[in-house]
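Each remark here refers to the structure printed beneath this line.
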Amino acid sequence: MKETEILGVFIGKTKDIGAGLASAIDKRRVAQRLWLWRQGMGGDEQGDRRFHGGPERALHHYPAEHYAYWRARYPHLDWQAPNFGENLSSRGLTEEQVCIGDLFRWGDALLQVSQPRSPCYRLARRWGLGELPQLLQDTGRCGWFYRIRKPGFVCAESRFERIHCSHPELSVAQALRDFFHSPQERAGLQRLADCPALSPRWREHAARRLASNQLEDWSARLGGPPAQGLNS
């Protein structure tokens, strides 16, 4: 496999982004070595810990390859990492190449892929683009999260390598297709529900859909509370 190139490591502090919302999506590049623990990187914060951060979403990885698409789509904006609030930017890995449960060694730490990112309305607030969360979801350019299996010191210069793949049948891209693009197709839901490495929240949603034959409402996550000044 082609070696993964780490292009940047980023952390953020919580601040007001308007309409009474707090977010740490505006992250800054850090060059020094950081301690990566089970809740995330030292110094990194989350605006709403009900839906961001925690052991199953300790670190967000976003492929730098996607920024060419966003620059073409919105040429008036200067798209570059970490515009999507990522902690880790790289070249050489995408959603199609990474699988749920993959184990990576980064510096002294061990990371395991836990789930894709579920885009939310805070991205729309940050960029003034009301359609942005839905577009991320529709295109599958979401990135993914890690749980931390072994804490340790990490930095941009630390080697980043995959050391084990336990669920090659369930790439991050496939999980996104099963969960968002064919959200009531039973074979895909069963694939999600049966994967022990997938985060409990995603497995529970899949199992609930299988049991009820109903799809949960995504409007609050994608649209958020009413706000002024967003493009439709």
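The values are calculated or read from the model by the stated rules, or taken from the named source; none is laboratory data. In this text the structure is predicted, and so the values were computed from the model without any measurement. Positions of Cβ are generated from backbone atoms using ideal geometry, with glycine treated the same way; all protein chains shown enter the neighbour counts.
Structural remarks
- Residue ID - nearest to residue 4 (Cα to Cα), chosen from residues in segment 66-108 that are basic (Lys, Arg) and out of contact with any Pro (no Cβ under 9 Å at 6 or more places or on another chain): 105
- Residues in segment 193-232 that are modelled with pLDDT under 95 and surrounded by fewer than 10 Cβ atoms within 10 Å (Cβ to Cβ): 4 in all.
- For segment 168-186, the criterion of being touching a Ser or Thr at 6+ places or on another chain (Cβ under 6 Å) and crowded, with 18+ Cβ neighbours inside 10 Å is met by none of the residues.
- For segment 45-61, the set of residues classified as modelled with pLDDT of 95 or more and touching a Ser or Thr at 6+ places or on another chain (Cβ under 6 Å) consists of 56 only.
- Of the residues making up segment 197-206, those that are in contact (Cβ under 8 Å) with a residue 24 or more places away in the chain and of a type outside the set (Gly, Ala, Ser) are 198, 200, 201, 202, 205.
- Conditions (1) modelled with pLDDT of 95 or more; (2) not in a helix (DSSP H, G or I): number failed by residue 190: (2)
- Residue match in segment 104-117 (condition: touching a residue at least 24 places away in the same chain (Cβ under 8 Å), basic (Lys, Arg), under 30 Å from residue 31 (Cα atoms) and in contact with a His (Cβ under 6 Å, 6 or more places away or on another chain)): no
- Residue within segment 204-211 that is touching a helix residue (DSSP H, G or I) at 6+ places or on another chain (Cβ under 9 Å) and outside any helix (DSSP H, G or I) present: no
- In segment 101-147, residue surrounded by the fewest Cβ atoms within 10 Å (Cβ to Cβ) [restricted to those that are modelled with pLDDT of 95 or more and of a type in the set (Phe, Trp, Tyr)]: 104
- Every pair of residues 6+ apart whose Cβ atoms lie under 7 Å, when the first sits in segment 165-176 and is farther than 19 Å from residue 111 by Cα while the second is at pLDDT 95 or above and of a type in the set (Asp, Glu): 176/95
- Residue within segment 68-83 that is acidic (Asp, Glu) and modelled with pLDDT of 95 or more present: no
- Taking (1) under 21 Å from the mean Cα position of the chain (by Cα); (2) without any contact (Cβ under 8 Å) to a residue 12 or more places away in the chain in turn, residue 185 satisfies each apart from (1).
- Residue 154 satisfies every condition listed in (1) surrounded by fewer than 21 Cβ atoms within 10 Å (Cβ to Cβ); (2) in contact with a Leu (Cβ under 6 Å, 6 or more places away or on another chain) except (1).
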